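S.K.: One structure is given below, represented as structure tokens, and several questions about it will come after.
What follows is calculated from the coordinates using simple rules that are stated; it is not laboratory data. It should be emphasised that the depicted structure is a prediction, and the values quoted were computed from it without experimental measurement. For neighbour counting, all protein chains shown are included, and Cβ atoms are generated from backbone atoms with ideal geometry for every residue, glycine included.
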Amino acid sequence: MATETLLVRPPGGLWVDALRRLAQNRVAVAAGTVLAVLAIAVVVGPSLSPWRYDQTDWNLMAAPPDFGSGHWFGTDALGRDLFVRVMHGGRVSLAVGIVATLVSLLIGVTWGAVAGYVGGRVDRVMMRIVDILYALPFMFLVILLMVLFGRSILLMFLAIGAINWLDMARIVRGQTLSLREREFVEAARAMGMPSGAIIRRHIVPNLLGVVAVTATLTVPQVILVESFLSFLGLGVQEPMTSWGALVNDGAHELEGAPWMLLIPGAFLAVTLFCLNFLGDGLRDALDPRDPGRAR
Amino acid sequence: MLRFAAWRVLGAVPTLFVLVALSFFLMRAAPGGPFDTEKLLPPEIEASLERAYHLDEPLWRQFGRYVAGLARGDFGPSFQYRDYRVSELIAAGFPVSLKLGALAMLLAVAAGVATGAVAALHRNRAPDHAAMTAAMTGISVPSFVMAPFLVLVFAIHLDWLPAGGLSGAASYVLPVVTLALPQIAWIARLTRASLIDVLSSDFIRTARAKGLPERTVLLRHALKPALLPVMSYLGPATAALITGSVVIEQIFGVPGLGRYFVQGALNRDYTLVMGVVIFYGVIILALNLVVDLAYGLLDPRVRHGD
Amino acid sequence: MRASRAVWLVLVAAALVAGGWWLWRPEAPDGPPPVEFVRGNNAEPESLDPHRARSEPALNVLRDLYEGLTTLGPDGAVVPGVARTWSTSEDGLTWRFELDPQARWSDGRTLAAEDFAWAFRRLSDPQTGSPWALLLSPVAGVEAAVAGRAGPAAIGVAAEGPQRLVLTLARPAPWLPAALAHPAASPLRRDVLERQAAAREARHVGNGAFRLTQWAVGSHLLLERNPHYARNAANALDQVRYLPIADHAAELSRYRAGELDMTYTVPVSRVAWLKEHMPEELRISPYLAVYFYGFNTRRPPLDDSRVRRALSLAVDRELIAARVLGGGERPACSLVPPEVSGYAPPRAPDCRSDYDERLAQARRLLAEAGYGPERPLTLEIRYNTGELHERIAVAVGALWEDQLGVTTKLVQEEFRVLLDRVRGGRATQVWRASWIADYDDPLSFLAILAGNSPVNATGWSDPEYDRLLVDAAHAREPDGRMALLAAAEARALAAAPVMPLYFYVSKKLVKPWVRGVTDNPLNVHPSRYISLCRAADAPC
């Protein structure tokens, strides 16, 4: 309806603005590019090498990187090609990062938006539950879940994601609370729009900024959690691997075979760096009070 | 303010109860028991052990027995460390974790705020990038990689610091630094974002327009409100630090509380796990209360009494 | 505003200073430093009650705190302990032990034979809940007491006067002195245990070469010299400090930084590096333990012994020992290690010829059993968390896949979950297991495959095998007994309900100034034999 659009700020304008600012942030752009390259590499990489990720080369165990031998990144202690394993590990780490973040996003956004919008007693009860869950030692829960239900990667997605939604819920609730008082929402309510539609069409799109930033910053956290689980022996099941598992194995061989730590470690660190910088860049780009913004 | 605090304390009781029930029944759902070993026990012995620890009773009765013990302040005997009671283990481990955690937090706040401030003041220029890159190593390199690396360099090759244990001031350095690094990153980033926010707000522009020197603007007017988000982050972060970090304790051989979480679950030491979970819950709730009260003191816009 | 802020700042500063002082206050200076030996001990002892302790780390500490009727010498041989001499009756059913009249407890009290008698009764009492309750099973009445059919007071131990202990057996047991050297057979002080002394350290009144001074959970155990020990003059150490370091890489770091004199073990991945850089300090010696994979013989495909034999033959144990382990472990095709005293092991069929021949035989057997490319074999290997277990499972799986075309799936489970599943007999096909000898005798290994043994999770049982074991228990002649046990083992190897992989070696690092650590198959190193030679001028 025409009257509606007059009262609502066109979402297109806000996003175009933000994207422009993001493009001006060279660090964030560089980070995003590196991430894209990495993502392509882990998908395409394994097909470039003749080795499988679970194939043992009995003659070249713990061998250093050597283009001649066909093991570009060397081999691990069991003679498996490190290049292919790093690529496969990247797939797992990135997949865990993205999927678990999506899980936590879904639960957190829904919870927070509903609590913030409905308010009153429902809000208090929902946030109380969040407080109770906050008081649980998260690591212990994940460990218990992995022990109870075995080491399936699907479970890992769900477990890590289900634990991380608390922060998202709190942030979304805070944002929803402030959005609820804005004029355009008041107007929509005055015009008789049902709550569900208001949440869907006015609240959620304006949450996307905050959610995008939080999500981008959750992915590296999740990847680190998975690496911690590998440290405890509860990560992905062999012969599958992840960057966290590779780094953990490599840490034991630091003096004898440093490439086993340095190469996967570099991939992991670079990815985490880039995700964090990209998230910060997004946050800066969506910041309405940036003094550099054109008025 | 007092009523606020009292109300919160009262509200903590049902929270703790839910915590206890959740962890009790989750632990029991895990297969395997505390007395399993590769070399089997003779059946009479196993039965006698189960009787002694009340494991032969129905689950709800064991739960009731445990809660009744809690009301008396008794956390029960440890299933794994048979010579100890859980309260003794917690009493031995907590001061160690507290020392390490507190030191790490102090270091993290000092270094993190400083780094974040530097970055915010030179936003999007070289010092910003340099400071944030340095800070980010804390959350880009897992601690179980950083710790052995630091040990290799400082303890083995340079021989400046001990590689483990907690005897004397020098042995605190590596564990505290490793613990602090991720927190430095978080706090630096929070400080930077929040300071940027505050620096572009109206009352700062007013202060500048009044002709106040930049340093006064920063320290007197900008820093306090900028630190508010940092403080609300500190609550749960400190609780996590204090109750111990599993990685640090394992690699440096520190007798803190953190390893009891993991070991307890793996050993099916039901009482130890529940004791530690309750302890952690109490600490988090207490710290959240402290943070909220401090918020009230520092931010005049927040009033407690609703 | 100004004044209150100043006050606040002063308070904060004062708090910081107080906190700083509390953290770094200087320790009280000591006198001349005691001779202290620092050893890694892998894990916190779950208990220092000899009847409740179970793990090797706990037993290590107990060997320093207590001494039994017999004890182990520096090379692991059984030597007299508190009992100076002993004699057996004609029928081998009555043993008389004469105790050393100089034997004292660490609080000065004289040791009496009744202390042993009471301890043995407590051991056999189901109320104590001791995992070692059947250690003295040949003694009359012990099995009945443990099963709850009779009271522990009725077992065949009696003190004849303060210095003579008489054991009455239900059947002959020539290996009894070896069992009596186990820490669970230590004497105990009834009055101390029943009194529930306030300080934990005061509860551990022992008769060993050392006494417990300090037990800081997770940090260390400090033992100091027991001046009342009969052979105290030969003890060169004033203090022993046990550090329960579970992370092997961390233990290695601390050893290299000079904080330990001897480690408990060595990280698997560092053995090759250590052989190259620290060869004189690395000690590798055979250990009485076997690492094997169990087969669930209750269900196909593993109910067919041809399949099991084929799988066993296809594993190149030399390759695994050399490439995957690299620590000097010996490939094992039989259950009982060759180091067991007096035992002549049977020829093991799976290590006989060279690998290619074995592989050919394996493929033949597999085809005979009906598996091949048209009907491929799929197996699940379950193992518990551990770097070594993972590597071996990966290697065995790879060998089976590459050489036999068997599709393997690896499942890692947490230790107790795996135990639970294996005992339940469900859902397992191949699982990783190991067995450490409780005492130096083949029966310690062969008993695990007996039909009625609760640790036999394979579902395999052979009446002839069981009969041979029972006959061996009644044999009077040691040679005849060993022959019967060897025959039993041969039967088990032919049926292959388990697949032995290698015999353990014990690996540790020992600083050059440490003397008295003698390699022995039980890997037992009581501290009273150890001395430190740090003086540069005086040769030790």
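S.K.: Would you list C:K275, C:K507 from fewest to most Cβ contacts within 10 Å?
M.R.: Starting with the residue having the fewest Cβ neighbours, the order is C:K275, C:K507.
S.K.: When only Cα pairs under 8 Å and 6 or more residues apart are kept, what is the percent relative contact order across chain A?
M.R.: Numbers: 378 pairs, mean separation 74.0, N = 295.
Relative contact order of chain A: 25 percent.
S.K.: Let me confirm the definition first: pairs of Lys residues in the protein assembly as shown, 8 or more apart or on different chains, C-alpha distance under 22 Å. How many are there?
M.R.: Close lysine pairs under the 22 Å cut-off: 4.
S.K.: Sort out for me the Cα centre separation of the range C:116-180 from the range C:250-269, rounded to whole Å.
M.R.: Using only Cα atoms to place each centre, the spacing works out to 40 Å.
S.K.: Give me the mean projected area, in nm² to one decimal, of the convex hull enclosing the Cα positions of chain C.
M.R.: On the way: hull surface 137.5 nm².
One quarter of the hull surface, i.e. the mean projection, equals 34.4 nm².
S.K.: Can you tell me, using C-alpha contacts under 8 Å and at least 6 residues apart, the relative contact order of chain B as a whole percent?
M.R.: So the answer I get is 28 percent.
S.K.: Amide H of C:R104 versus every other amide H placed in the peptide plane: which residues, excluding those fewer than 5 positions away on the same chain, fall under 5 Å?
M.R.: Those qualifying (amide H under 5 Å, at least 5 residues apart or on another chain) are C:L111, C:A230.
S.K.: Ok, one more. Charges at C-beta only: +1 for Lys and Arg, -1 for Asp and Glu. How large is the resulting dipole of chain C about its Cα centre, in Debye rounded to 20? Can you show the working numbers first?
M.R.: Values: 62 positive and 64 negative charges, 222 e Å.
Roughly 1060 debye for chain C.
S.K.: Here is a further query. Using only the Cα atoms of chain B, what are the Rg and Dmax in Å?
M.R.: Just the Cα atoms of chain B yield Rg and Dmax of 23.8, 86 Å.
S.K.: Mind jotting down the three principal axis lengths of the protein assembly as shown based on Cα atoms? Whole angstrom, largest first.
M.R.: Each principal axis gives a Cα extent; for the protein assembly as shown these are 110, 76, 66 Å.
S.K.: Further question on the same structure: With the contact rule set at Cα under 8 Å and sequence spacing of 6 or more, what percent relative contact order holds for chain C?
M.R.: Computed over chain C, the figure is 18 percent.
S.K.: If you count, for every residue in C:252-264, the Cβ atoms of partner chains within 10 Å of its Cβ, what is the mean?
M.R.: What the average comes to for C:252-264 is 5.
S.K.: Right, something else. Could you point to the residue in A:W243, A:G256, A:I223 farthest towards the positive end of the range A:156-295's charge dipole, with +1 and -1 charges on the Cβ of Lys/Arg and Asp/Glu respectively?
M.R.: A:I223
S.K.: What is the average number of partner chain Cβ atoms found within 10 Å of a Cβ in C:213-219? Present the calculation step by step, with values, prior to reporting the outcome.
M.R.: On the way: counts 0, 0, 3, 4, 10, 15, 10.
The shielding value for this peptide is 6.
S.K.: Calculate the length of the line joining the C-alpha centroid of the range A:182-211 to that of the range B:107-182, in whole Å.
M.R.: 44
S.K.: Select from B:L59, B:P127, B:W7 the residue farthest towards the positive end of the dipole of chain B; place +1 on Cβ of Lys and Arg, -1 on Cβ of Asp and Glu, and compute about the Cα centre.
M.R.: Value computed over the given set: B:P127.
S.K.: What order, most packed first, do the peptides A:176-184, C:498-506, C:36-44 have when packing is the mean number of other Cβ atoms within 10 Å of each residue?
M.R.: C:498-506, C:36-44, A:176-184
S.K.: What is the Cα centroid distance between the range B:1-65 and the range C:330-374, reported in whole angstrom?
M.R.: Comparing the Cα centres of the range B:1-65 and the range C:330-374, I get a distance of 48 Å.
S.K.: Filter the GluC sites (Glu not before Pro) in the range C:264-295 to those in DSSP coil with at most 16 other Cβ atoms within 10 Å of their Cβ, and list the result.
M.R.: Details: sites: C:E276, C:E280, C:E281; in loops: C:E280, C:E281.
Here the GluC sites (Glu not before Pro) that fit, given the DSSP loop and packing criteria, are C:E280.
S.K.: Using θ = phi - 60° and the Karplus relation 6.51 cos²θ - 1.76 cosθ + 1.60, list the HN-Hα couplings for the range A:243-248 in order, rounded to whole Hz, with x at every Gly or Pro.
M.R.: In residue order, the calculated couplings are 4, x, 5, 5, 5, 5 Hz.
S.K.: Here's another thing I want to ask about it. Determine the dipole magnitude for chain A: charges of +1 sit on the beta-carbon of Lys and Arg, -1 on that of Asp and Glu, nothing else is charged, the reference point is the Cα centre, and the result goes in debye to the nearest 20.
M.R.: In total the dipole reaches around 1340 debye.
S.K.: Calculate the dipole size of chain B relative to its Cα centre from +1 charges on Lys and Arg beta carbons and -1 charges on Asp and Glu beta carbons; express the result in debye to the nearest 20. Display every interim value, and only then the final one.
M.R.: Details: 25 positive and 20 negative charges, 287 e Å.
Roughly 1380 debye for chain B.
S.K.: Continuing with the same structure: Listing C:L282, B:L158, C:L302 from the residue with the fewest other Cβ atoms within 10 Å to the one with the most, what is the order?
M.R.: Fewest to most other Cβ atoms nearby, the residues stand as B:L158, C:L282, C:L302.
S.K.: Can you find, among B:L150, B:A294, B:V96, the residue sitting farthest towards the positive end of the charge dipole of chain B, where Lys and Arg contribute +1 and Asp and Glu -1 at Cβ?
M.R.: B:A294
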